[in-house]
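Student: Here it is, the structure, as structure tokens.
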Amino acid sequence: MTFLNRTVLAACLLAAACTVTSQASPRDRVTGPGALLPDSSGLSPGDTYAEYQWGLKNDGSLQLVEIRSQFADSGDAYETPDGERGPHSGLPIPYGPGGYQVYTTDAAAGVDINIEPAWELYDASQTNRDVVVAVIDTGADILHPDLRDSIWVNGDEIPGDGIDNDGNGYADDCFGWDFFYGDPFVFSAQSSEDTHGTHVAGTIAAGRHNGGIAGITGSEHVKIMILKVLGTSQGIGAPEDVIAAIRYAEANGASICNLSFCSGVYSQELADTIQNSGMLFVVAAGNGDENGIGLNIDQIPAYPASLPFPNVITVSNLMFDGNLDTSSNFGPESADIAAPGSYIVSTIPGGYGFLSGTSMSAPMVTGAAALLYSYRPDYTVLDVRDALLGSARELTTLGGRVATSGMLDVGAAFLWEKGSTAP
Ligand SMILES: [Ca+2]
Ligand SMILES: [Ca+2]
Ligand SMILES: [Ca+2]
């Protein structure tokens with residue numbers, strides 16, 4: 001059981017759904033306008049939840065309080081020889097004084113992506129270019145008030161006529177494509193299976209100064225192409241759909257892809273597709289083993305996180321105290337950089353909610369990459385990668401954990417000089 005101290009969060013409901021393959025674990029959620037409060041952080045005036053976006057501005061006031069049972073899960077004692085768990089043991093549950101211990105984790109001021117100086121430069125620039133970011137994930141709520149202005153629209157396609165007007169091989173693909181179900185509908189309002197992608201999209205590109213949260217790029221120049229490859233309440237998918245989505249993204253103008261998913265299974269064709277692409281891929285490092293303990297993905301590879309290509313950035317999950325989250329995968333060769341990923345507030349269908357995991361860390365870097373790529377029309381996507389990694393802010397906690405030994409620092413990336421050495 002966990003609590004996050006700060007007024008609004010006390011009213012949070014515990015989310016019931018759970019995604020498995022997509023690299024997030026739902027914890028708390030806030031929905032509806034009733035929870036709106038003015039942004040007192042000064043981070044992004046008009047975005048009422050910006051106060052809770054510690055990843056963008058961490059004033060050190062958050063505290064995580066966890067109440068953990070002192071008794072180990074007795075389930076393992078009842079494992080059958082073939083590894084399956086037996087029925088519930090029936091042992092008495094250890095309630096009562098002394099049965100639980102309280103653990104607190106305090107935020108460390110300044111452990112954030114330092115977005116404000118980057119926004120100052122970006123907002124003052126007259127030469128920002130348009131950038132399309134592919135979110136290859138679950139679907140996403142394209143009608144969300146904080147997202148709808150940020151959604152890529154295929155202007156050459158006429159919706160609903162059943163005809164592939166632009167001849168790109170997909171009929172009625174106005175906002176992207178659902179490769180999971182094989183149709184043009186990138187959001188299912190009837191189920192909760194598109195929560196994950198909605199959350200990822202919001203971190204990257206939710207509107208700024210329009211209520212709700214502040215997306216890193218805002219909606220003006222950066223648009224999100226929704227490519228659904230993960231479906232069902234488990235967030236599962238297939239490599240061939242990811243491959244098709246990558247090809248669609250590149251053919252239809254995307255330059256950066258967010259891949260917030262992970263698999264232990266290697267696909268040579270997926271690896272080849274990524275390596276041969278001209279796009280930049282920002283990839284979640286993954287959320288550890290079945291007990292939620294982070295793995296060294298240099299030794300136990302996870303894909304696409306462990307792919308060693310120069311157009312891939314692999315991102316680990318930084319907690320607000322400046323440590324890697326215990327669940328985050330790491331690897332001094334395979335993981336490149338850390339970014340905030342725990343207790344991240346972003347858009348969910350019909351509202352806002354908190355999710356945690358490397359799935360939330362990757363879109364921090366994707367948003368930063370898109371912002372910088374927009375700000376610097378002279379940069380290639382590989383220049384953007386060099387800038388983000390070369391300017392990472394070193395933390396002693398990250399030494400030997402990620403290649404840069406550092407966390408995302410967008411303000412520093414905006415000041416990075418092309419030609420500086422990068423890891
Ligand atoms: Ca089409
Ligand atoms: Ca059409
Ligand atoms: Ca907003």
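A short reminder: the numbers here are calculations on the coordinates, not readings from a lab. Note that the coordinates shown come from a computational prediction; the quantities given were computed from them, not determined experimentally. For neighbour counting, all protein chains shown are included, and Cβ atoms are generated from backbone atoms with ideal geometry for every residue, glycine included.
Student: How long is the gain from ILE236 to GLU269 if the chain were fully straight, where each residue apart is worth 0.36 nm and the alpha carbon distance is subtracted? Each step should come with its number before you reach the end.
Tutor: Details: separation 33, 0.36 × 33 = 11.88 nm, distance 1.86 nm.
Using 0.36 nm per residue and subtracting the Cα-Cα distance, I get 10.0 nm.
Student: If you restrict to DSSP beta bridges whose two residues both lie in the stretch 228-355, what percentage is antiparallel, to the nearest 5? Provide the component values of the computation, followed by the final result.
Tutor: Numbers: 8 of 21 bridges.
Here the antiparallel bridges make up roughly 40 percent for the stretch 228-355.
Student: Decide, for the stretch 146-291, between rounded, prolate and oblate: order the square roots of the alpha carbon gyration tensor eigenvalues as a ≥ b ≥ c, take rounded if a/c falls under 1.5, and otherwise choose prolate if a/b is larger than b/c, else oblate.
Tutor: Values: a/c = 1.41, a/b = 1.10, b/c = 1.29.
Rounded, since a/c falls under 1.5.
Student: What list do you get for HIS209, HIS199 if you sort them by fewest beta carbons within 10 Å?
Tutor: Numbers: HIS209 12, HIS199 32.
If I rank by nearby Cβ atoms, fewest first, I get HIS209, HIS199.
Student: Same structure again: How would the stretch 343-418 be classified by its alpha-carbon gyration tensor: rounded, prolate or oblate, with rounded meaning a/c under 1.5 and the a/b versus b/c comparison settling the rest? All intermediate terms of the calculation are to be shown ahead of the outcome.
Tutor: Details: a/c = 2.74, a/b = 1.29, b/c = 2.13.
Judged from the Cα gyration tensor, the stretch 343-418 comes out oblate (a/c at least 1.5, b/c at or above a/b).
Student: Right, next: Taking LYS57 as the anchor, which lysines have their alpha carbon closer than 26 Å to its alpha carbon, excluding any fewer than eight residues away along the same chain?
Tutor: Within the straight-line limit of under 26 Å, LYS57 reaches these lysines: LYS223.
Student: For LEU230, what is the net charge nearby, where nearby means another residue's Cβ is under 12 Å from its Cβ and Lys, Arg count +1, Asp, Glu -1?
Tutor: Values: positive: LYS228; negative: ASP137, ASP178, GLU193, ASP194, ASP241.
Overall, the nearby charge balance is -4.
Student: Using Cα-Cα distances under 8 Å and only pairs 6 or more residues apart, what relative contact order does the stretch 311-368 have, in percent? Mind showing how you got there, number by number?
Tutor: On the way: 97 pairs, mean separation 21.0, N = 58.
The value is 36 percent.
Student: Scan the stretch 221-295 for GluC sites (Glu not before Pro) in coil per DSSP, keeping those whose Cβ has at most 14 other Cβ atoms within 10 Å, and list them by number. Don't jump to the answer; show the numbers that get you there.
Tutor: On the way: sites: GLU240, GLU250, GLU269, GLU290; in loops: GLU290.
Here the GluC sites (Glu not before Pro) that fit, given the DSSP loop and packing criteria, are GLU290.
Student: Once you place label points 7 Å from the Cα toward the Cβ at ASN291 and ASP183, how far apart are they in nm?
Tutor: 4.3 nm
Student: For the stretch 261-416, what D do you get in µm² per second when you plug the Kirkwood radius from alpha-carbon pairs into Stokes-Einstein at 20 °C and 1.002 mPa s? The partial results should precede the final answer.
Tutor: Working: Rh = 15.5 Å.
Estimated diffusion coefficient is 139 µm²/s.
Student: For ILE300 and LYS418, compute 0.36 nm times the residue count separating them, minus their Cα-Cα distance, and round to one decimal in nm. Kindly include the intermediate steps, with their values, before the conclusion.
Tutor: Details: separation 118, 0.36 × 118 = 42.48 nm, distance 3.39 nm.
Once the chain is fully extended between ILE300 and LYS418, it gains 39.1 nm.
Student: Moving to a separate point now. Work through the residues other than ALA413 whose Cβ is under 12 Å from its Cβ and net out their charges, Lys, Arg +1 and Asp, Glu -1.
Tutor: Working: positive: ARG376, ARG385, ARG393, LYS418; negative: ASP383, ASP386, ASP409, GLU417.
Cβ neighbours under 12 Å give a net charge of 0.
Student: Please arrange CYS174, CYS257, CYS262 by counting, for each residue, the other beta carbons lying within 10 Å of its beta carbon, fewest first.
Tutor: Numbers: CYS174 20, CYS257 28, CYS262 23.
Lowest to highest Cβ neighbour count: CYS174, CYS262, CYS257.
Student: Where the centroid of each part is defined by its Cα atoms, how far is the stretch 331-383 from the stretch 192-264 in Å?
Tutor: Between the Cα centre of the stretch 331-383 and that of the stretch 192-264, the gap is 11 Å.
Student: I want to check the label-to-label distance for GLN126 and PHE309. Put each point 7 Å from Cα in the C-beta direction and report it in nm to one decimal.
Tutor: 3.9 nm
Student: I need the Kirkwood Rh of the stretch 162-232: take the reciprocal of the average 1/r across all distinct C-alpha pairs and report it in angstrom. All intermediate terms of the calculation are to be shown ahead of the outcome.
Tutor: Details: mean 1/r = 0.0744 Å⁻¹.
That comes to 13.4 Å for the stretch 162-232.
Student: Right, here's the next one. Assuming a ≥ b ≥ c are the square roots of the Cα gyration tensor eigenvalues, decide whether the stretch 108-159 counts as rounded (a/c under 1.5), prolate (otherwise, with a/b larger than b/c) or oblate. Don't jump to the answer; show the numbers that get you there.
Tutor: On the way: a/c = 2.78, a/b = 1.57, b/c = 1.78.
Verdict is oblate for the stretch 108-159.
Student: In a shell of Cβ-Cβ distance under 13 Å around LEU270, excluding LEU270 itself, what net charge do Lys and Arg (+1) and Asp and Glu (-1) give? Don't skip to the answer; put the middle values down first.
Tutor: Values: positive: ARG247; negative: GLU240, ASP241, GLU269, ASP272.
Residues close to LEU270 contribute a combined charge of -3.
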